[in-house]
């Protein structure tokens, strides 16, 4: 009888193990994702889309000259993820010598300037274990004062076609739910409703409505958010955009519905595919004016070796 | 006898006064310069030129889609004026919990971010005694964490016609002299040679050649520089530009030929006329490609209450 | 008729003025408090008490060699007044070249290091209008990088007799009320109960019990506190101490019972009399061990031109 | 003949390899140095010497009450190793509301506060590969905001016997040579000349004279220095001190005479033996007054998780 019991125990254990969930996604092996489609040693990823023709195509969309600002003010209303800061200390006024009695003012800023406000992520920002986009290794490229590869100074200005995918509008709400995962069907439906198609090099911007909380209920804003999941991100990235952006803090749904995964879209985009992310966009004006196609212009600071840059992008039509 | 003594005393005093040099320029009285032509309470000054038509006029100049970057990298080669810093500290990598083993990197930046690198000056930056552009008073508008008026967050993006005035080229040199004052005749001559005229709202950019020293001989770069003086600045500002920019650290000649004056053009532009200044431009590519008219695009960071912003502007043609 | 009207106007004005409460205390006129008893031009104030004899008198009190630490750890539990920080960023480990494979670590600290944690106030910290201790003027001695007079680097080490005045114990409570003003009678009673007298040069330390909240309920800790008022401070200062310290954030009762006054004891001590203040002391061990007389030892950092220093003082017996 | 040639080649290669110098010292294996003599899990190392008796023994040496300061001012004259800073930004004066017109001043300090000025090293500061004192592992105990073990907050105040070993005096010079290695014979000779012996728990302070350059020729001060080497450090550590200190920036000779080693004494002291180091001491007054035995008192800041602390220690006699 004992051996039957043991055997049954083994069967039970085996089925318990089978029940333990494998994660719904894993980072592809290095030899599957490297070298990048942009070439071995490439550091620019989707930024390589920037060509003169990209600029001309974007500029064609400018009809009235109206500029719509897409960034929040870097000020007291800012929402911060984690322990980040934007501390500004105005120095004492300095009165220069001279008969013209010239007073000078300037401020000292202490901030994770690559990762605050409306912020643009580069490829040094994220890794899978020790491996970044195009399989650069963290310990080989990181120093105390910056990354020797993949730094945001490589990016340069983006002038490209911008497409707003209004998911909230498509679903008839002002704001998607606190951790709603946007699906491929949502995106396809919204694009169809907008009569829009995506093109390579697009700045693809997803409206969740979550930005309504920014500066109003920052604790809730950063606690979780609706956004794309791995499937939708993969679908969008297959359209070969220059970036994915959204009006939430990580672009993707957070936390991810799979509790084993920590912000996997960051890896899908930044690590696996070398596609930039643009977070904390201010989309209220774009949405209220129903602008879904526009010239997108963004100038990341050329911070050598940095993981990203706060930015002040615009939509022009 | 008494009256003769008095008279002689007066003569003596007059001649003493005559011997002491009057400064060659003084800031106009408040009632002469305020309210600004843009209106009482205006904080935007020349930024008010930004209108949809300004954008359309600029965009008309874009023919090939070529983007020329006009900013230096914020990195080890930077030239700093005074004690300013751009210190970046890359944080330790954080390995997030999760089966996807996501590594995160970010940096802490400590810098006078409004006044380093290629930098854009706002109107909180300078005053005459206690009085700023449009007669805002320093003690009324300054706080430890920023200015309550005139902050750079008011600026917004600039998309306008850019004109390069190549003074060095006009004078047949690679670089003007260490403290050469650019005259009205220089400007008129260069514009004539370029067959160019200035229009209201232009981003007027002056090539001195001084930028050749940037990152090569920074001590010399910041010690002095060629640039416009009060007369040339006044002439240019009468053309109603959106900004004056140059490839030196103060736009103006430094030190000023009048030893009693401390950077007076900063007051002519920022205090008296509310015209922005743009310093440390990287003009080598623009000059070598002989691009003198272009779409100028610049996105200052929206730092609330700040005196300026480092920027990454571009010329597009 | 005219003079009667005028007279009536005067009467009306006088009665209006009489109805408005005069503040219960004002800073004495400059000619009443300057020069300081320590001499014109003196910058050290009560620190002048430090003499070899002071050290010997303190050391006499050391019987067992037991050291009781009086400072809080500068860490996550800290209570901050206002917007102050103590942000520490551990740099990435640097592996030095060499066969001995030496790894190095260090941290960047961003903090109002003169005014956080257990903190010692100097005389640059506070003024009446523009006038500091010994009538040094703020605009004459302040610069962007520190004060040219009254800096904390003048202080040097203190080794002196320390006296704990246990007011909470005297009143039979663990903690005085949220804004209880300690009176002269409280102090006299506590000293009598302790059979203690104060001597010139003493480090006088007042136990309110408010420290119980430190690290446990920081919002309440910094919102208000019990402490000495102007009368008790004046009485204590007449005993000629080297400093007044307490287990609350301002030493004095806050807010002051007179709503017109903003932390007046700061001025009584630092401005009028040049007596140092020592805030956020950790007194629980001293109190539980009933140590009321001890050698007090404190080493402020010699930060040139600073307003104060975080410190790590001890009681030794 | 071919095989002979090959054989000779092999012999040549072998002898070449043999000629390549083995380093003169290596860090002992983990099982040789861990657990520490202070016990498995111990974080305090030589700080464990602090006992009431240590204090009493030190206090016995206080005869006159004279205090001699051993730290440099944290100010413009400071010498920095590498890229370290001590940047102080005095905030704008804040005028509090209140009839007492109270002005407040404070400063923001940005600094590697554990590793600047007269500085005290803890055990998080250095490792051999991934292994610290008592074999704590860097990746197990390091976080972005500090070390979870070995932090300097564990240290507490030191009051102990201090012994100055005047090597420069022993050798009849004001200052030892730029990279002179102090030998065991030097130390024995100096102690003999001073008629002094070392006791467990001593703060052992070595005078090289190198401090003469501090604030006078900082580039030379930090470029190299005289100091103890591995042999002398080992000899001194066998006397069981609480710390080794010196008037140079690393305590030890730099660079080390063995070009393969990078500051090995840092590992001998901090990693292998858990003995603290104290750098950049100001010894001129101690030396000129010929004080070689004294009460040494030092209060490191209790910075949680930090690698060290700037300090303001004193000698009292």
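Remarks
- Note on D:77-85: average number of Cβ atoms from other chains within 10 Å of each residue's Cβ is 2.
- Kirkwood-based Rg to Rh ratio, region B:252-291, C-alpha trace: 1.13
- Amide N of region C:130-146 lying under 15 Å from the label point, which is placed 7 angstrom from the Cα of residue C:34 along Cα→Cβ: C:130-142
- Rounded to the nearest angstrom and listed largest first, the equivalent-ellipsoid semi-axes of region C:65-211 from its Cα gyration tensor are 37, 25, 17.
- Binned Cα-Cα distance frequencies in region D:41-80 - 5 Å width, integer %: 5, 15, 13, 13, 16, 15, 17, 6, 0
- Largest-first principal axis extents, alpha carbons of region A:169-209, Å: 31, 18, 16
- Residue D:183 paired with residue C:174, simple spin-label distance in nm, labels 7 Å along Cα-to-beta-carbon: 6.6 nm
- Expressed as a fraction of 2.2 N^0.38 Å, the C-alpha radius of gyration for region A:114-162 is 1.27.
- With distances taken between every two different alpha-carbon atoms, region C:230-317 has a Kirkwood hydrodynamic radius of 14.4 Å.
- Model label sites at residue B:21 and residue D:21, defined 7 Å from Cα along the beta-carbon direction, differ in position by 6.3 nm.
- Shape analysis of region D:170-260 yields a ratio of the Cα radius of gyration to the Kirkwood radius, Rg/Rh, of 0.96.
- Expressed as a whole percent, the proportion of Cα-Cα pairs in region D:272-316 lying more than 13 Å apart is 66%.
- Highest mobility in the GNM of chain D, judged by mean-square fluctuation with C-alpha springs under 10 Å and restricted to D:161, D:102, D:144, is found for D:102.
- Rounded FRET efficiency, nearest 0.05, which uses the C-beta distance separating residue B:218 from residue B:96 and R0 of 56 Å: 0.90
- The mean sequence separation of alpha-carbon pairs under 8 Å and at least six residues apart, normalised by the residue count of region A:105-248, gives a relative contact order of 22 percent.
- If the convex hull is drawn through the Cα atoms of region C:49-135, its volume per residue in Å³: 254 Å³
- GNM remark for chain B: springs join alpha carbons under 10 Å apart, and the peak mean-square fluctuation among B:67, B:275, B:251 falls on B:67.
- The average projected area of chain C, computed from the convex hull of its Cα atoms over all directions, is 22.7 nm².
- Antiparallel content of DSSP bridges confined to region A:177-317, in %, to 5: 30 percent
- Fluctuation leader among A:138, A:292, A:97 - chain A, Gaussian network, Cα springs under 10 angstrom: A:97
- Rounded to two decimals, the Cα radius of gyration of region C:109-196 over 2.2 N^0.38 Å is 1.51.
- Taking the C-alpha atoms only, the angle from helix B:2-19 to the longest principal axis of chain B is near 30 degrees.
- Mean shadow area of region D:222-277 over all directions, Cα convex hull, nm²: 3.6 nm²
- Across the alpha-carbon set of region C:144-302, the Rg to Rh ratio works out to 0.95, Rh being the Kirkwood radius.
- Global geometry of region B:25-93, whether rounded, prolate or oblate, following the gyration tensor of its Cα atoms and the 1.5 cut on a/c: oblate
- Considering all C-alpha pairs of the protein assembly as shown, those separated by over 44 Å amount to 50%.
- Relative frequency of Cα-Cα separations exceeding 15 Å in region A:66-115, percent: 63 percent
- Antiparallel bridges, percent of DSSP beta bridges restricted to chain A (to nearest 5): 65 percent
- Antiparallel DSSP beta bridges within the protein assembly as shown, percent to nearest 5: 70 percent
- Shielding by partners - mean other protein chain Cβ count within 10 Å, residues of D:310-317: 5
- Look at the stretch D:25-37: the mean tally of other chain Cβ atoms within 10 Å of its residues' Cβ atoms is 1.
Each reported figure results from applying straightforward, stated rules to the coordinates on display, with no laboratory input. Because the structure is predicted, anything quoted here is derived from the model rather than measured. Cβ coordinates were reconstructed from backbone atoms using ideal geometry, including for glycine residues, and neighbour counts include every protein chain displayed.
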